[in-house]
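Undergrad: This is the structure I have questions about; it appears just below.
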Amino acid sequence: MKKFVSMLLALVMVVSLAACGGSQTSAESAVEEAVVEAAVEKAVADTTPAKDTEVVESEDAMDPSDLTFGFIFLHDENSTYDRNFMEGAKAACENKGVNYLEKVGIPETNECYEAAADLVDRGADIVFADSFGHESFILQAAQEFPEVEFAHATGTMAHTENLPNFHNAFADIYQGRYLAGVAAGMKLKELVDAGAEPKVGYVGAFTYAEVISGYTAWFLGVRSIVPEATMEVQFTGSWYDEALEKEAAQTLINNGAVLLSQHADSMGAPTACEEAGIPDVSYNGSTIDACPNTFIVSSRIDWTPYFEYLIDCVLNGQAIPADWCGSIETGSVVLTDVNSNVAVAGTDEKLAEVEAGLIDGSIKVFDCNNMTVEGKPLDSYMADVDTDPNYEKDTEAISDGYFHESEYRSAPYFDVMIDGITTLNAMF
Amino acid sequence: MNSKTHKDPLFHISRKDPPVWWKRFGIRIIAVILALVLAGIVTLLLTKLNPIDVYLTMIDGAVGTKRRVWALIQKTAMLLIIAVAITPAFRMRFWNIGAEGQVLIGGFATAVVMLKLGGKVPTPVLFIIMVVSAIAAGAVWGFIPAFFKAKSNTNETLFTLMMNYVAIQLIGYFVLEWSVPKGSGQIGIINQKTQEGWIPSVGGNAYLVNVIVVAAITIAIAIYLNRTKHGYEIAVVGDSQNTARYIGIDVKKVIIRTMLLSGAICGIAGFLLVSGQDHTITKDTAGGNGFTAIMVAWLAKFNPLWMILTAFIICFLQKGAGEIATMFNLNLAFADIITGIIIFFIVGSEFFIDYKIVFRKSGKEVAA
């Protein structure tokens, strides 16, 4: 028992030492970490001039340091999906000199509403949530706090809710997919010229418009280079499941796909490709570190422009559109660097050319001349743009010879099953 | 496993008589203090933050505003009701780790009624159907493993665990089937416009009804377990099934009856979660509380009234830890480390109440 007591004593001593040493380091770190709180207090006192010199000198414009932007993330930075949002959020707040608040690991339950309300209590002027399932809880908060702006990524309800402080946002990511598809197509051509079958594979999440739009755009990009290409799609039934995604990729490879891409964010499909030596186009960020021998290129949405736009709107007292769609021009749709070890020579030049075509409108991703459904040309398609439980097809999406994706609503609604793509399973 | 030298171990562990109340209390207090100190050291070493600031932030995160206080009370209530629900089974030594599934299936039944009958029947009728179907669904989920345990002595731990996955997959299937928009895998808030089937706010407070229901159930179960014949039978079956048989208790009947009760209360928990809190159903609706509740019940020594305290402590730590992550821009995993250390010490202190460590006396041999 004596031994135990002495051990305890020693522990207490160590602790008291640590506490003494701690109080010094803590002083500066506390200052550093409590910047947010300090800034809010400063805003209340409003005695110090703003340190940011870029402030718009307008009579009714708000001071950036008075503005607090609160973010709700589904996971933490270990998820590539959320990290993409976090980086954009931090960059935008820093660029604009506004206060940043975050809540990480918020599930798609009532906790999302609680988190939003708590951010409002804390002084947030704008609240943003990053996951699809957060939407109805954000809507609930928006109804309760009309003085605060609520924005939500990938949602579909704002354009029909008519709530002035509730907003959706997305980007023309199908254009990014198409570009990535062009890079993949060039690689496929090289493989086909060497004798491979022109068959590609795609790991999807759910049989949901966002996924269908994504893989079809990518496939059309591939086919703009290799017209005889075909594709198989395997769904996982989950937005994030590394094991399932890897398995799906292996299934596709076993079926004879010579090049892969995916919707889901985990490293499952890219790792399977690296192991099998199959070229891969990833999503939401480069996987070149883990897959140096197979990674071609990746498209992603850069959310910084949207966040900066939101901040500007609130600072200048402008109304925020219910539905905002970023594009290549706004800097929202971006490609990572092309991996020259895998991609074909001349890929960069070709991508620049296609990108210019997408911007000036001479190239349409969902050009009806390039798609058939059950052998027939596609000249009319009613899309379910206004979300309702009966999936009512409410909007004619095809006119002027192409499918108008993300024009009537930012979140994708292209869910046509076109010829050349075989879905191995359905998950809805 | 014995070492070849047959040396006495450095120490061995033996049971001891329960210490007097102030010693028990003291051991627990020491455990909490040690936990806070160790967690403080870890915080300092890993993040260079002042542990005091971190703890203050934790307290602020849990009870800093009126909204947070209510959120904490609601969270505690939801954990408490599940802990109370599993207690009759655990007292009977029926290791029901299927609370997660029983809660989910109760919540699912509630959601189905809200979806399919909301706006079609008068509100009071709707609520009656919701509650009855939630209780029935939870009870069925409890009955199935109990039936097979009573009939064929199947392993209830595995059986109830598997039933969780059945519930999760069922919900996964129907959430996809009924998702809005099509294929998105989300049902979204049910009856968001009409609020049909939502437990109403009382005095501006959305959670008051939930809390009152949970309090009533907690007291009822405490009385049921300690003051009724059924409660006594559960205790006897838990202590020794042979004794129970000897004194004429129908063990099979007690097992099935108790699990029906356990499952039914879990069903009510599911109803409260869906109708009174989330207003939707997902695989995450129970949020792992079905498992956390086991710890809550165990720490309270299966006494429903003590569970109010243990559930509160665990929810307080969880809420506070989330705030640390937010305020100091730390990874969520760090918050888990802090809560993990504290809970580990609290659980560990129970060991020092029931057991003592006897160190090897130098030179002297003690027969094991």
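Undergrad: Can you tell me the 0 to 90 degree angle between the C-alpha axis of helix B:21-47 and the longest principal axis of chain B, rounded to 10?
TA: It is inclined by approximately 80 degrees.
Undergrad: Kindly list the residues of the stretch B:284-305 that lie in the label zone of B:ARG28, defined by a backbone N under 16 Å from the point 7 Å along the Cα-to-C-beta vector.
TA: B:295-305
Undergrad: Next question. In what order do B:SER201, B:SER14 fall by count of nearby beta-carbon atoms within 10 Å, going from fewest to most?
TA: Ordered from fewest to most neighbouring Cβ atoms within 10 Å, B:SER201, B:SER14 come out as B:SER14, B:SER201.
Undergrad: Can you list residues whose amide H is under 5 Å from A:SER332's amide H, if they're 5+ apart or on another chain and H is modeled 1.01 Å from N?
TA: For A:SER332, whose amide H was placed from the backbone, the distant partners under 5 Å are A:SER327.
Undergrad: OK, next. When each pair of different Cα atoms in chain B is counted once in the 1/r mean, what is the Kirkwood radius in angstroms, to one decimal? Before the final figure, lay out the partial values.
TA: Working: mean 1/r = 0.0441 Å⁻¹.
The answer is 22.7 Å.
Undergrad: Please compute the average number of Cβ atoms from other chains found within 10 Å of each residue's Cβ in peptide A:232-242.
TA: Average per residue, whole number: 1.
Undergrad: For chain A, which DSSP H helices look membrane-span-like by this rule: Cα extent along the axis of 27 Å or more and mean Kyte-Doolittle of at least -1.0?
TA: Sorted by number, the helices that extend far enough and score high enough are A:2-33, A:173-193.
Undergrad: Can you tell me which aspartates and glutamates have their Cα less than 20 Å from the Cα of B:LYS253? Leave out same-chain residues fewer than eight positions away.
TA: B:GLU156, B:GLU233, B:ASP239
Undergrad: Pick out, in residue order, every one of the trypsin sites (Lys or Arg not before Pro) in the stretch B:229-336 that is DSSP loop and has at most 12 other C-beta atoms within 10 Å; say none if there are none.
TA: B:LYS301
Undergrad: With each label point set 7 Å from Cα along the Cα-Cβ vector, what nm distance links A:ASP337 and A:ALA196?
TA: 2.4
Undergrad: Longer than 19 Å from Cα to Cα, which of A:LYS189/A:LYS350; A:LYS246/B:LYS283; A:LYS393/B:LYS120; A:LYS103/B:LYS193; A:LYS199/A:LYS376 are they? Say none if no pair is.
TA: Where the Cα-Cα span goes over 19 Å, the pairs concerned are A:LYS246/B:LYS283; A:LYS393/B:LYS120; A:LYS103/B:LYS193; A:LYS199/A:LYS376.
Undergrad: Just want the answer: with Cβ charges of +1 for Lys and Arg and -1 for Asp and Glu, which residue in B:ILE268, B:VAL358, B:THR285 is farthest toward the dipole's positive end in the stretch B:213-359?
TA: So the residue furthest toward the plus end is B:ILE268.
Undergrad: DSSP loop GluC sites (Glu not before Pro) in the stretch A:293-361 with at most 13 other Cβ atoms within 10 Å of their Cβ, which ones?
TA: Within the stretch A:293-361, the qualifying GluC sites (Glu not before Pro) (loop, at most 13 other Cβ atoms within 10 Å) are A:GLU329.
Undergrad: Once you have the alpha carbon radius of gyration of the protein assembly as shown, what is it after dividing by 2.2 N^0.38 Å, with N set to its residue count?
TA: Numbers: Rg = 29.7 Å, N = 796, 2.2 N^0.38 = 27.8 Å.
With N residues counted in the protein assembly as shown, Rg over 2.2 N^0.38 Å equals 1.07.
Undergrad: Which whole-number percent gives the relative contact order of the stretch A:283-352, counting Cα pairs below 8 Å spaced six or more residues apart?
TA: 41
Undergrad: Give me the inter-chain shielding for A:131-137: mean count of other chain Cβ atoms within 10 Å, whole number please. Numbers along the way, then the final one.
TA: Values: counts 1, 5, 8, 1, 4, 9, 6.
Taking all residues of A:131-137 together, the mean is 5.
Undergrad: Expressed as an acute angle from 0 to 90° and rounded to the nearest 10, what is the orientation of the C-alpha long axis of helix B:156-177 relative to the principal long axis of chain B?
TA: It is inclined by approximately 30 degrees.
Undergrad: For helix B:51-63, report the angle its Cα long axis makes with the longest principal axis of the Cα atoms of chain B; keep it between 0 and 90° and round to the nearest 10°.
TA: Helix B:51-63 sits at roughly 30 degrees to that axis.
Undergrad: Let me ask something additional. Using the number of other C-beta atoms within 10 angstrom as an exposure proxy, rank A:LYS90, B:LYS182 with the fewest first.
TA: Lowest to highest Cβ neighbour count: A:LYS90, B:LYS182.
Undergrad: Going highest first, how would you order A:209-217, A:221-229 by mean Cβ packing within 10 Å? Walk me through the numbers before you get to the answer.
TA: Details: A:209-217: 25.7, A:221-229: 21.0.
Packing order, densest peptide first, comes out as A:209-217, A:221-229.
Undergrad: Mind listing the long-range amide H neighbours of A:LEU260? Cut-off is under 5 Å, sequence gap 5 or more, other chains count too, H placed in the peptide plane at 1.01 Å from N.
TA: Close amide H contacts, sequence-distant or interchain: A:GLY201, A:ASP280, A:VAL281.
Undergrad: Next up: If you put +1 on each Lys and Arg Cβ and -1 on each Asp and Glu Cβ, how big is the dipole of the protein assembly as shown around its Cα centre, in Debye rounded to 20?
TA: Magnitude of the dipole: close to 6800 debye.
Undergrad: Ignoring everything except DSSP H segments at least 4 long, calculate the 222 nm mean residue ellipticity for the protein assembly as shown; use -39,500 (n - 2.57) per segment, divide by total residues, nearest 500.
TA: About -18000 deg cm²/dmol.
Undergrad: With a cut-off of at most 16 other beta carbons within 10 Å, and DSSP calling the residue loop, which trypsin sites (Lys or Arg not before Pro) in the stretch A:338-428 qualify? Please list them.
TA: A:LYS393
Undergrad: Okay, next question. Among the DSSP beta bridges whose two residues both lie in the protein assembly as shown, what percent are antiparallel, rounded to the nearest 5?
TA: Antiparallel bridges make up about 30 percent of those DSSP assigns within the protein assembly as shown.
Undergrad: Averaged across the residues of B:323-334, what count of C-beta atoms belonging to other chains lies within 10 Å of each residue's C-beta?
TA: 5
Undergrad: Based on the Cβ-Cβ distance from B:LYS253 to B:GLN195, what FRET efficiency comes out when R0 is 35 Å, to the nearest 0.05?
TA: Once rounded, the FRET efficiency stands at 0.25.
Undergrad: Using only the alpha carbons of chain A, determine the length spanned along each of the three principal axes and report them from longest to shortest in whole angstroms.
TA: 75, 66, 43
Undergrad: Now a separate question. Can you sort A:CYS313, A:CYS325 from fewest to most other Cβ atoms within 10 Å of each residue's own Cβ?
TA: Going from least to most buried by this count: A:CYS313, A:CYS325.
Every number here is computed from the coordinates shown, using simple stated rules; none is lab data. Note that the structure is predicted; figures quoted are calculated from it, not measured. Note that we place each Cβ from the backbone using ideal geometry, even for glycine, and neighbour counts take in every protein chain shown.
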